[in-house]
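Take a look at the structure below.
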Amino acid sequence: MEKTKPIQGGEFIVRDVDPSDVFIPEEFDEEQKMIAQTCQDFLDTEVMSNLDDIDNQKDGLMRSLLEKAGELGLLGLSLPEKFGGFEQSFTTSMLANEIMGAGHSYAVAYSCHTGIGSLPILYYGNEEQKEKYLPKLATGEWAGAYCLTEPGAGSDANNGKTKATLSEDGKHYILNGQKMWITNAGFADVFTVFAKIDNDRVLSAFIVERTFPGITFNPEEKKMGIKGSSTRQIFFNDCKVPVENLLGGRGQGFRIALTILHMGRIKLGSNVLGAAKLSINRSVSYANERKQFGSLISSFGAIKYKLAEQVIKTFTTESAVYRASKNVDEAIEQNMQNDTCTKEQATATAFAQYAVEAAILKVYGSEALDYVVDESLQIYGGMGFSAEMPVERGYRDSRINRIFEGTNEINRLLVIDTLMKRGSRHFYDLFGEAQKTWDNLDELIDNPSTEEDNYSRYRAFINNVKKLSMLLIKAASDKYQRKLVYEQELLNNLSDIIMNLYVGESTLLRVMKLEQMKGSEATALYRDILDVYLYGVSQLVRANGIEAVDAMGDFPENAKVKKAIKVLCDLDGINTHAARRRIADKLIEENGYTF
Amino acid sequence: MKILVTLGNVPDTTTKARFADGDTHLDMTGVQWIINPWDELALTRAMELKEDAANPVDHVTVVTVGTQEAEPTIRKALAIGADDAIRVNAEAKDAWFTAQQIAAAVKDQDFDLILTGIESSDYNGAAVGGMVAELLDLTSISAVSGVELNGNEITLHRDIDGGSETVQADLPLVAIVQKGIAKEPRIPAMRGIMMARKKPLQVVDPVEADALTSYNHFELPQPKPPCKMIDPEHVEELVSLLQNEAKVI
Ligand SMILES: Cc1cc2nc3c(=O)[nH]c(=O)nc-3n(C[C@H](O)[C@H](O)[C@H](O)COP(=O)(O)OP(=O)(O)OC[C@H]3O[C@@H](n4cnc5c(N)ncnc54)[C@H](O)[C@@H]3O)c2cc1C
């Protein structure tokens, strides 16, 4: 496999990566930890004691919480200093997002404001627009929101009907249309609104202030979860938007929307981490108190299984989240070396470059969190079903993550679609490598790796999964060609393999790096996590691989590919039961997540 | 006017205590360190005094006795607003050792007011403040829950049994403070965190000093026995349990 620096988004599929190439959360510096602590202190003192009032949408509360975060500077982490921000790295903003992610509805308001609410103006605004809006957004004097979705345009975001026409005097765009599911709509002052100018087929974006004439709001949506997050429909009736509020040029809207979606997806990956760790803490502390049959329920194997799986899902998500975050930072730096490019452009480009990873983190993270909150509730038994218990709120609040920022169905499709597109555009040699693998199929099958040492064995396994993914991609694209998009089940098989490949590799590299940093003894439990997870990946790859091959039916070398799957994905011989128990025992002993 | 706040670097209050070396030492692996909560409140009050334009306070220094591992705690104090910091590069062995180090590090710096937390949340020795005052030959007033400045005069409020006491004193002085001295500790803001990087943190070598004590043995309290539920119908059973088992009546 080729090896040239630096790694491109999606390139992990063809490239060997070393532990020294990835960033791991154990490498956060003192300042980053201090910022995280500030977020935690803020959450503990202002948010966690107010969850009921927040969920009841107590008048002015959410808005005042945003303002308080603004006073601490936490709304301006990603904004330039000259606009009142603190220009922190993307990785640092992800860490802040992780901590805030434990804040239930507040987490949604915060990440909407600091992400989709502020960043379109930062990345695509001109100097006047930035000067006018960013300082206010940085302090929380103004709150931000993002209006893409419409009744007829959800997943199909480009299908919006909202129209913009130039007024006769050429001074205003007149907006007409309807947006729905708009987070922070109840109190936001500034909205990025997507609409089509005249008969354009493509979107444009506008900065719209709440006080512009012609805007009305429906009452709050009644929701299953994140009840404290404001969500409303917005109507534009001849809403007059000054022409200077067009964002990024006519027809740039879809590009803006996509960049912001990529960014939002990666960030969702960090958000779920905070929520997952909180949920784990809740489950273990309950399991350490509740007795049945004369024993603490935390002593039962079935409960330990759940606790360990919660840890594994969270730890693996975390490994992938911070690996990708650092890659984005590196890409920003790389892009800036092209000196015609501003930092904002470099950042927006970096998000697009890491679209595959963003979609992976979105799907994997939201599903990990859903597992965690579901099992937390289960560990509480009947108490978990009580609306008085915090795990019940956690369960309801988690669910939205699989829906917004692009549903998980859409994102699963994006993982494989974007990976292949970037391959076709030669950001990496996907199809060349796939062909090579194809040509060496016999050799591959006849020479399964015989590595003894676990890390070597796992690295060989990960490499094999890469090869296998390439085999399947090649088989599928050869067979279906342009009609591949209609084979969603097959694409889902591929996506599931690739997602778990990325997360598995990220976890492997993290544990290897950790061992280099802390020695073998201190890393024992991390190896347990790795063992159990990769074992699961091997099962998953095999199941999806075989399913894909059987569904494709006859294609050249069908039998060989199937055999390759069986030979290449074998990771038998791991005692996952014992490993899970050790992971759970540590959690139980610490009575909290300390991994 | 210059204020000094002493800072203890202590394990986070939610840390699970573990012992090492035959229960003679606290096992500090994996511990999350924080500013001793009483010291943190003292620092908060020091910042309030400095920020109040009516006071002539122009400088707040923090001092800690600790190894490099204590630096995150010190940076946090700088991020909260202290102007500079001194770290005496030594493990804080016991109260006497710590007090001598602090006194030696600051004796030539003419601090007008020294605020120390009444105790630390790890060993709860409640001794350093008084010792520092003695070593610096300063007045010390303990159990202080309020400090106000008026020119060179200081007014202190103390909680005493069943009431409170107001004391007037001259500076310089050591005020040994308890909860109530400030409402809530401050959360370092981003601006403070960014500035903390650039503030002076002076590391000084420890002076020759003996610890007067050493730890022989630590043990954890017995785990709480499970709660017994008694039917409201059976008051006599409750009385009997309280009398014979719990032996409290
Ligand atoms: C609480 C909340 C807050 C939100 N906040 C915002 C916001 O601030 N701003 C904003 O613009 N939007 C926001 N949204 C909208 C959100 O992004 C959309 O709900 C989401 O993109 C899905 O669109 P939809 O609801 O129209 O579902 P649909 O697109 O109708 O999807 C219905 C189902 O069909 C599946 N599906 C759709 N197309 C395909 C396909 N091609 N292949 C396979 N399956 C497909 C979907 O995955 C889903 O399962 C929010 C939504 C909610 C619920």
Accessible surface of chain A [probe 1.4 Å, protein heavy atoms]: carbon and sulfur percent: 48
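Residue separation times 0.36 nm, minus the C-alpha to C-alpha distance between A:His577 and A:Lys343: what's the value?
79.4 nm
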Counting DSSP beta bridges with both ends in chain B, the antiparallel % (nearest 5): 40
Protection proxy ranking, peptides A:188-201, B:110-123, B:193-206, average beta carbon neighbours within 10 Å, highest first: B:110-123, A:188-201, B:193-206
Mean accessible surface per residue for the stretch B:152-228, computed with a 1.4 Å probe while every protein chain stays in place, in Å²: 72
Relative packing of A:490-498, B:99-107, which averages over residues the other C-beta atoms within 10 Å, highest first: A:490-498, B:99-107
Relative contact order for chain B, counting Cα pairs under 8 Å that sit 6 or more residues apart, in percent: 24
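Between A:Gln539 and B:Asp83, take the C-beta separation as r, use R0 = 51 Å, and let me know the FRET efficiency to the nearest 0.05. Walk me through the numbers on the way to the answer.
Details: r = 59 Å, r/R0 = 1.16.
Efficiency, from the Cβ-Cβ distance: 0.30.
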Projected label distance in nm at A:Ala524 and A:Phe427, using a 7 Å step from Cα toward the beta-carbon: 4.2
List of the stretch B:8-35 residues, accessible area with partners at least 30 Å² below that of the chain alone (1.4 Å probe): B:Lys16, B:Arg18
Over the stretch A:11-143, relative contact order from alpha-carbon pairs under 8 Å, at least 6 apart, %: 27
Cleavage-rule hits (chymotrypsin sites (Phe, Trp or Tyr not before Pro)) in the stretch A:272-305: DSSP loop, at most 11 neighbouring Cβ within 10 angstrom: A:Phe293
Burial of 20 Å² or greater, the stretch B:174-193 residues [accessible area, probe 1.4 Å, versus chain by itself]: B:Ile187, B:Pro188, B:Ala189, B:Met190, B:Arg191, B:Ile193
Of all accessible heavy-atom area on chain B, the percent that carbon and sulfur account for (1.4 Å): 50
Rounded if a/c under 1.5, otherwise prolate or oblate - the stretch B:29-109, Cα gyration tensor axes: oblate
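I need the shape label for the stretch A:11-143. Rule: rounded when a/c is under 1.5, else prolate if a/b > b/c, else oblate, with a, b, c from the alpha carbon gyration tensor.
Here the stretch A:11-143 falls in the oblate category.
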In the B-A interface, the accessible area buried, summed over both sides, Å² (probe 1.4 Å): 1500
Unit charges at the beta carbon, dipole of the protein assembly as shown: most positive-side option, B:Phe218, A:Ala346, B:Leu4: A:Ala346
Mean shadow area of the stretch B:2-224, taken as a quarter of the surface of its Cα convex hull (nm²): 13.7
Rounded accessible area per residue of the stretch A:146-247, 1.4 Å, Å²: 42
Shielding of B:72-80 by partner chains, average beta-carbon count, 10 Å: 2
Antiparallel DSSP beta bridges within chain A, percent to nearest 5: 80
Listed residue pairs exceeding 23 Å between alpha carbons, taken from A:Lys479/A:Lys562; B:Lys179/B:Lys228; A:Lys474/A:Lys566; A:Lys161/A:Lys240; B:Lys2/B:Lys199; B:Lys50/B:Lys199: B:Lys179/B:Lys228
Approximate spin-label separation B:Arg18-A:Glu443, in nm, with each point projected 7 Å along Cα-to-Cβ: 4.9
Distance (nanometres) between label positions extended 7 Å along Cα→Cβ at A:Thr45 and A:Lys161: 5.0
Computed E for A:Asp16/B:Lys228 - FRET, C-beta separation, R0 56 angstrom, nearest 0.05: 0.35
Debye, to nearest 20: dipole size of the protein assembly as shown, +1 on Lys, Arg Cβ, -1 on Asp, Glu Cβ: 3240
Burial order of peptide ranges A:347-358, B:168-179 (average beta-carbon count within 10 Å, highest first): A:347-358, B:168-179
Peptide A:34-44 - average C-beta neighbours from other chains (10 Å radius): 4
The stretch A:253-410: relative contact order in percent, alpha carbon pairs under 8 Å with at least 6 residues between: 34
Sorted largest first, extent of the stretch B:101-249 alpha carbons per principal axis (Å): 69, 39, 38
Modelled FRET efficiency - R0 25 Å, B:Glu51 with B:Asp159, Cβ distances, 0.05 increments: 0.50
Share of pairwise Cα separations in chain A, more than 42 Å, in percent: 23
Three-way shape call for the stretch B:205-249 based on the alpha-carbon gyration tensor, with the a/c threshold at 1.5: prolate
Cβ neighbours within 10 Å from other chains - mean over A:70-78: 3
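The values are calculated or read from the model by the stated rules, or taken from the named source; none is laboratory data. Keep in mind it's a predicted model, so treat the numbers as computed, not measured. Positions of Cβ are backbone-derived with ideal geometry, glycine not excepted, and every protein chain shown enters the neighbour counts. Quick note on the areas: whole protein, heavy atoms, side chains included, nothing else; ligands and nucleic acids left out. Shrake-Rupley method; radii C 1.70, N 1.55, O 1.52, S 1.80 Å.
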